[in-house]
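Everything on this sheet refers to the single structure shown next.
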Amino acid sequence: MGKKTLGDKDLIIKALQNDQNAFRMLYEKHKNGLYVHISKYVQGKEDIEDLCQESFKKAFEQLPSYNPEYKFTTWLYSIGAHTALDHLKKQKNDVFASSVDHQAENGEMVSLTPEEEMVIVEMAEEVKKHLSSLQDIYRKPAELRFLKEYGYEEIAKELGLPLNTVKIRIMRAKVALITMLKR
């Protein structure tokens, strides 16, 4: 059987043995699908391409933790979604920080205009409104994470859930919130 006919599981086994060709084949096989998946979250071809590269890097670094009981694409797309959401969060934080922490050329802090403050408050209210419309199993961990700024471990302890369950529920809540906010 030639390498071109190898399935994901066989390629992963070879990749775990540091077969660089297997890494390349996994990348070639799944790069377009991951690109499309990430484009659901992020605009801009260059950003999407960068996030695809970053997602594959993370996937290859975490390959030993991959559970072959699940489809490789599900696992890879989950990494891609997390990477895209982290990128969006960083962008939002950068925009917020630059508007809040912006200094004039003379070194004095520039305060937000009333309109900017109102936009931020409206955005926060919009997120809270959509958060309340999530199913309980996603809303409770998301509220603790986004509104009360709990760490994942704290949320797991508070809700009596395994850490991975908390992470998955928060990721799903993020995806649902982004979808609602895009409407």
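Over 25 Å between Cα atoms, which of LYS90/LYS129; LYS29/LYS71; LYS90/LYS157; LYS57/LYS167; LYS14/LYS71 qualify? Pairs exceeding the cut-off: LYS90/LYS157.
In this simple spin-label approximation, ASP86 and GLU46 carry label points 7 Å from Cα along the Cα→Cβ vector, and these lie 2.1 nm apart. Between VAL36 and LYS9, the simple spin-label model (points 7 angstrom out along Cα→Cβ) gives 2.5 nm. Site pair THR73 and GLU126 shows an inter-label distance of 3.2 nm when each label is modelled 7 Å from Cα along Cα→Cβ.
Coordinate-derived values only; no laboratory data. The shown structure was predicted, so the numbers you read here are calculated from the model rather than taken from an experiment. Please note: Cβ atoms are built from the backbone with ideal geometry, for glycine as well, and neighbour counts cover all protein chains shown.
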